[in-house]
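**Student:** Attaching a single structure in structure tokens format; questions to follow.
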Amino acid sequence: MTRLATLPRLDCPNDLRTLADLTAARIGLARSGSSLSTSELLAFDRDHARARDAVHLPFDVPAIEQALRVRGLDSMALQSAALDRACYLQRPDLGRRLSSAGRAALQTHRQSQASSRSATDAADPDHASSRTLAPDVAVIVADGLSARAIHDNAVPFLDAWLPLARSQGWRLATTVVASQARVALADEIGAALRARLSVILIGERPGLSAADSMGIYLTYQPRPGRNDAERNCISNIRTGGLAYAEAAQLLTGLIVGAFRQGLSGVGLKDDRTLINPRALS
Amino acid sequence: MATYRARLGTTSYCFEGLGDLLAKASPLKSGDGLAGVAARSEEERIAARYALADLPLSTFLNEAIIPYESDAVTRLILDTHDAVAFQLVASMTVGEFRDWLLAYETDTACLSALAPGLTPEMVAAVSKLMRNQDLILVASKTSVVTRFRTSIGLPGRLSTRLQPNHPTDDVTGIAASILDGLLNGSGDAVIGINPATDNVQTATHLLQLLDELRLRFEMPVQSCVLAHLTNTLLAIERGAPVDLVFQSIAGTEGANNSFGINLALLQEALDAGRALGRGSIGNNLMYFETGQGSALSANAHHNIDQQTLEARAYGVARQFEPLLVNTVVGFIGPEYLYDGKQIIRAGLEDHCCGKLLGVPMGCDICYTNHAEADQNDMDNLLTLLGVAGVNFIMGVPGADDIMLYYQSTSFHDANYLRQVLKRPPAPEFEAWLARIGIIDTHGRLAPPGLAAPLLQALAQQTGDEHP
């Protein structure tokens with residue numbers, strides 16, 4: 001009967017704030033009557049306002065593409081079949097498919113890649129084989145349920161991860177910046193880019209404690225119809241959450257494992273403990 | 001499959017089977033749009049309601065919306081139907097049934113006697129013809145009282161589930177939230193923890209903590225760790241102090257399979273819980289959670305609308321004489337219930353339908369941050385359900401669940417409702433709150449400046465044991 005002894009001694013039982021140090025839950029709140037005091041009410045509303053803004057903040061695609069260009073990465077902007085935020089929130093199925101314009105753009109991109117490859121291959125047949133190989137990793141940067149999470153975290157994360165990817169010698173596909181996107185949109189994009197593996201950086205559903213949390217989902221041999229059990233997830237990447245360097249290490253380890261084992265998802269074992277994915281799909 | 005028709009002006013509308021008719025008659029919900037079963041226009045919706053109003057109630061005993069042969073929930077509903085109780089309304093159409101429910105003469109005793117004669121499809125059908133105020137009035141005439149260590153659902157009472165979740169199941173953090181809840185008068189429905197990790201060891205550890213707290217402070221409460229039923233069965237086998245057995249349930253066999261359960265397993269769990277004999281004043285011990293949209297998200301919805309399937313989940317629940325049935329109404333997200341208006345409607349429908357079926361309904365009045373809803377919408381639903389006589393609501397610290405990432409109702413929200421509607425907690429718990437000094441003789445919380453004896457006792461006892 002010593003489990004309660006894990007509670008610290010409450011030297012000042014009048015002060016409920018003593019309890020509040022023991023959990024991030026909102027306890028020991030000041031009351032007026034039985035209702036919340038003004039300061040507590042405002043604190044809650046502030047946190048909710050941040051979460052709401054994060055859900056509806058427009059995705060700044062040009063800024064992301066500009067940052068990618070500075071880092072020597074070419075990119076293309078695509079939209080899902082969900083045309084606006086209201087549609088996106090009500091029709092997750094549309095957020096998992098490309099718009100017809102997006103699909104056409106990817107096809108054009110692939111054809112131009114193929115023709116430029118065959119032209120250079122013809123001119124320089126000795127090195128043709130390496131150039132015609134499909135990309136190893138398709139990176140997709142997607143708004144998901146929090147554009148703010150991507151604005152704040154996507155580029156700093158890539159700065160931590162790109163050196164690791166280069167040291168592994170992985171060929172990267174054109175980076176796709178996807179709007180109104182759900183996780184599974186990476187399946188269609190990854191398949192269209194003929195990538196061996198897709199990595200999608202995506203804004204997680206904002207909570208009251210954090211509205212800027214980014215998640216990363218990895219899928220080996222992406223193609224439409226993959227299910228969530230075939231993906232691996234790294235969650236809660238943000239300032240005050242999982243650090244960029246640590247997330248970059250985790251992702252690199254998972255990709256190495258996926259290529260080695262030829263799979264991703266629940267069958268992919270990693271020595272490091274993953275943080276549980278948060279609900280977002 | 002029968003075809004149902006209605007003519008509005010010069011336009012004829014045709015509905016293929018009862019499922020189509022019920023879906024098209026449903027108030028607008030994003031989940032029915034996602035499933036592709038919703039009415040295509042407002043007029044079609046009303047045409048479906050005209051056709052539904054003329055439908056004999058007995059039709060639902062002759063035409064199953066999901067075939068008897070292929071669905072265990074359909075078999076349960078039809079095999080356990082009480083034809084004698086049904087006699088009272090057997091000759092009515094759905095429209096006449098609504099009128100009858102609203103009549104002065106239809107009182108609590110009447111509705112209690114009728115409950116076993118109603119099927120989930122009947123109550124779903126009539127609810128589609130009801131305005132929000134009808135759902136509130138009819139529900140307020142029902143009474144479903146259940147007991148374990150407290151009496152829940154007594155007229156004029158309101159109970160709360162204390163929900164002290166923690167993202168890593170930290171025992172100290174959970175205990176702190178429990179104490180804060182108790183000091184705010186919360187916890188008479190259940191002290192129920194959603195574990196962050198679903199394993200037997202964690203569940204057992206938390207159950208021991210809860211039982212120790214209960215015994216030390218002689219609290220008339222029941223506890224629950226909302227683990228999967230199979231884990232709770234294992235915990236029982238290992239001697240853990242299990243009060244309530246929790247499980248999420250849904251309205252189709254396929255959706256229940258996706259939850260990893262079936263009817264036989266539910267019966268096994270009920271028997272195992274009852275064998276422990278831990279209830280002091282009653283043996284209702286199942287705690288079920290449900291919510292519109294769960295069958296569609298499991299792709300097991302058979303093209304039936306989400307509200308009708310939700311009512312069928314209550315048909316499953318009542319077979320196992322639960323202590324608590326909780327519709328977690330806005331948790332599922334805006335693809336099923338888009339905004340405050342849809343969440344409020346669904347909460348009122350679920351509560352009324354459950355109560356008509358004789359199920360002890362409570363509601364997790366809640367929303368996620370990507371739904372078009374906020375705490376004001378929850379205040380509205382909270383007040384409406386209070387007027388409707390809901391058995392219990394949630395008490396989450398500051399309304400913010402830091403493990404499940406959604407917003408519900410706080411201890412303070414429950415106390416608001418107690419004040420405006422004069423609804424104290426369950427009598428056994430109320431007496432304990434008064435005895436230990438958390439509330440005064442007027443039912444008011446002790447002023448924050450005064451030390452509650454509970455906290456003092458805890459300070460001493462934990463201090464004594466602390467190394």
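The values are calculated or read from the model by the stated rules, or taken from the named source; none is laboratory data. Keep in mind that what you see is a predicted model, and the values were worked out from it rather than measured. Note that each Cβ is placed from the backbone with ideal geometry, even for glycine, and that neighbours are counted across all protein chains shown.
**Student:** Kindly list, by first and then second residue, each pair from a residue in the range A:87-107 that is touching a residue at least 40 places away in the same chain (Cβ under 8 Å) to a residue that is among the charged types (D, E, K, R) and assigned to a loop (DSSP other than H, G, I, E, B), limited to pairs with Cβ atoms under 6 Å and residues at least 6 apart or on different chains.
**Tutor:** A:Pro92/A:Arg182; A:Pro92/B:Glu335; A:Gly95/A:Arg182; A:Arg96/A:Arg182
**Student:** Can I ask one more? Restricting attention to the range A:140-157, which residues are of a type outside the set (A, V, I, L, M, F, W, C) and farther than 17 Å from A:Tyr88 by Cα?
**Tutor:** Taking the range A:140-157 as the starting set, the residues that turn out to be of a type outside the set (A, V, I, L, M, F, W, C) are A:143-144, A:146, A:148, A:151-153, A:156.
Passing the criteria: A:His151, A:Asp152, A:Asn153, A:Pro156.
**Student:** Are any of the residues in the range B:376-389 hydrophobic (A, V, I, L, M, F, W, C), in contact (Cβ under 8 Å) with a residue 40 or more places away in the chain and assigned to a loop (DSSP other than H, G, I, E, B)?
**Tutor:** No - not one qualifying residue is present in the range B:376-389.
**Student:** Just to check your reading of the model, which residue among B:Arg131, B:Arg147, B:Arg161 is of a type outside the set (Ser, Thr, Tyr) and without any contact (Cβ under 8 Å) to a residue 24 or more places away in the chain?
**Tutor:** On the way: B:Arg147 fails: without any contact (Cβ under 8 Å) to a residue 24 or more places away in the chain; B:Arg161 fails: without any contact (Cβ under 8 Å) to a residue 24 or more places away in the chain.
Just a single option satisfies the conditions, and that option is B:Arg131.
**Student:** What are the residues in the range B:89-109 that are in a helix (DSSP H, G or I) and crowded, with 16+ Cβ neighbours inside 10 Å, if any?
**Tutor:** As a first pass, look at the range B:89-109 and keep what is in a helix (DSSP H, G or I): B:89, B:94-102, B:108-109.
Passing the criteria: B:Val89, B:Val94, B:Gly95, B:Glu96, B:Phe97, B:Arg98, B:Trp100, B:Leu101.
**Student:** Can you tell me which residue in the range A:19-35 is surrounded by the fewest Cβ atoms within 10 Å (Cβ to Cβ), limited to those that are more than 16 Å from B:Thr409 (Cα to Cα) and among the hydroxyl-bearing types (Ser, Thr, Tyr)?
**Tutor:** A:Ser32
**Student:** Being within 23 Å of A:Val55 (Cα to Cα) and either in contact (Cβ under 8 Å) with a residue 24 or more places away in the chain or under 18 Å from the mean Cα position of the chain (by Cα) (or both) is the filter here; which residues of the range B:390-417 pass it?
**Tutor:** B:Ala399, B:Asp401, B:Ile402, B:Met403, B:Leu404, B:Tyr405, B:Tyr406, B:Gln407, B:Ser408, B:Thr409 - these are the residues of the range B:390-417 that are within 23 Å of A:Val55 (Cα to Cα) and either in contact (Cβ under 8 Å) with a residue 24 or more places away in the chain or under 18 Å from the mean Cα position of the chain (by Cα) (or both).
**Student:** Right, another one. Looking at B:Leu102, B:Leu118, B:Leu135, B:Leu114, which is the one that is of a type outside the set (Ser, Thr, Tyr), over 17 Å from the mean Cα position of the chain (by Cα) and under 17 Å from B:Asp350 (Cα atoms)?
**Tutor:** Residue meeting the stated conditions: B:Leu118.
**Student:** If you don't mind, there's one more thing I want to ask. Of the conditions (1) more than 7 Å from chain B (Cβ to nearest Cβ); (2) at pLDDT 85 or above, A:Gly28 satisfies every one except a single condition; which number is it?
**Tutor:** (1)
**Student:** May I ask you to verify whether B:Leu182 is under 15 Å from B:Leu433 (Cα atoms), touching a helix residue (DSSP H, G or I) at 6+ places or on another chain (Cβ under 7 Å), in contact (Cβ under 8 Å) with a residue 24 or more places away in the chain and not small (Gly, Ala, Ser)? If you could, list the steps in order and put the result at the bottom.
**Tutor:** On the way: under 15 Å from B:Leu433 (Cα atoms): yes; touching a helix residue (DSSP H, G or I) at 6+ places or on another chain (Cβ under 7 Å): yes; in contact (Cβ under 8 Å) with a residue 24 or more places away in the chain: yes; not small (Gly, Ala, Ser): yes.
In short, yes.
**Student:** Okay, next question. Go over the candidates A:Ile150, A:Ile189 one by one and state the one that is crowded, with 24+ Cβ neighbours inside 10 Å, within 27 Å of A:Ala51 (Cα to Cα) and modelled with pLDDT of 95 or more. Working first, answer last.
**Tutor:** Details: A:Ile189 fails: within 27 Å of A:Ala51 (Cα to Cα).
Every option except A:Ile150 fails the conditions.
**Student:** Answer yes or no as to whether B:Ala346 is at the interface with another protein chain (Cβ under 10 Å from one of its Cβ atoms) and of a type outside the set (Asp, Glu). Even if it seems obvious, please write down each step before you answer.
**Tutor:** Values: at the interface with another protein chain (Cβ under 10 Å from one of its Cβ atoms): no; of a type outside the set (Asp, Glu): yes.
No.
**Student:** Is it the case that some residue within the range B:21-31 is free of Cβ contacts under 8 Å to residues at least 60 places away in the same chain, surrounded by fewer than 21 Cβ atoms within 10 Å (Cβ to Cβ) and out of contact with any strand residue (DSSP E or B) (no Cβ under 6 Å at 6 or more places or on another chain)? Walk me through how you get there before you give the answer.
**Tutor:** Of all residues in the range B:21-31, those free of Cβ contacts under 8 Å to residues at least 60 places away in the same chain come to B:21, B:24.
Still in the list and also surrounded by fewer than 21 Cβ atoms within 10 Å (Cβ to Cβ): none.
No - not one qualifying residue is present in the range B:21-31.
**Student:** Filter the range A:93-105 down to the residues that are surrounded by fewer than 20 Cβ atoms within 10 Å (Cβ to Cβ) and assigned to a helix (DSSP H, G or I) and list them by number.
**Tutor:** A:Asp93, A:Leu94, A:Ser100, A:Ala101, A:Arg103, A:Ala104, A:Ala105
**Student:** In the range A:154-180, what count of residues is obtained for those that are part of a strand (DSSP E or B) and under 14 Å from the mean Cα position of the chain (by Cα)? Let's see the steps before the verdict.
**Tutor:** Pass one, the range A:154-180, residues part of a strand (DSSP E or B): A:172, A:175-179.
Filter again for under 14 Å from the mean Cα position of the chain (by Cα), leaving A:175-179.
Result for the range A:154-180: 5.
**Student:** Do the conditions hold for B:Ser112, that is, is it away from chain A (no Cβ under 13 Å) and among the polar types (S, T, N, Q)? Even if it seems obvious, please write down each step before you answer.
**Tutor:** Numbers: away from chain A (no Cβ under 13 Å): yes; among the polar types (S, T, N, Q): yes.
Criteria met by B:Ser112.
**Student:** Another one. Residues in the range B:163-176 that are more than 8 Å from chain A (Cβ to nearest Cβ) and surrounded by fewer than 24 Cβ atoms within 10 Å (Cβ to Cβ): how many?
**Tutor:** Residues of the range B:163-176 more than 8 Å from chain A (Cβ to nearest Cβ): B:163, B:168-169.
Filter again for surrounded by fewer than 24 Cβ atoms within 10 Å (Cβ to Cβ), leaving B:168-169.
Adding up the residues that qualify gives 2.
**Student:** Also: How about the range B:390-439: which of its residues are among the aromatic types (Phe, Trp, Tyr), within 13 Å of another protein chain (Cβ to nearest Cβ) and part of a helix (DSSP H, G or I)? Talk me through it step by step, then tell me what you get.
**Tutor:** Here is the first cut: in the range B:390-439, the ones among the aromatic types (Phe, Trp, Tyr) are B:392, B:405-406, B:411, B:416, B:429, B:432.
Still in the list and also within 13 Å of another protein chain (Cβ to nearest Cβ): B:405-406, B:411, B:416.
B:Phe411, B:Tyr416, listed by residue number.
**Student:** A follow-up question, please. Testing B:Asp198 on (1) under 27 Å from B:Asn283 (Cβ atoms); (2) surrounded by 24 or more Cβ atoms within 10 Å (Cβ to Cβ), one condition comes back false. Which one is that?
**Tutor:** Exception for B:Asp198: condition (2).
**Student:** Just for the range A:36-59: of the residues that are farther than 16 Å from B:Asp374 by Cβ and touching a helix residue (DSSP H, G or I) at 6+ places or on another chain (Cβ under 6 Å), which one is surrounded by the fewest Cβ atoms within 10 Å (Cβ to Cβ)?
**Tutor:** A:Leu57
**Student:** Limited to the range B:290-334, what total is found for residues that are of a type outside the set (Gly, Ala, Ser), in a helix (DSSP H, G or I) and in contact with a Cys (Cβ under 7 Å, 6 or more places away or on another chain)?
**Tutor:** Filtering the range B:290-334 for residues of a type outside the set (Gly, Ala, Ser) gives B:290, B:292, B:296, B:299, B:301-310, B:312, B:314, B:316, B:318-329, B:331-332, B:334.
Still in the list and also in a helix (DSSP H, G or I): B:296, B:306-310, B:312, B:314, B:316, B:318.
Pick out the ones that are also in contact with a Cys (Cβ under 7 Å, 6 or more places away or on another chain) and you get B:314.
Looking only at that region, the number is 1.
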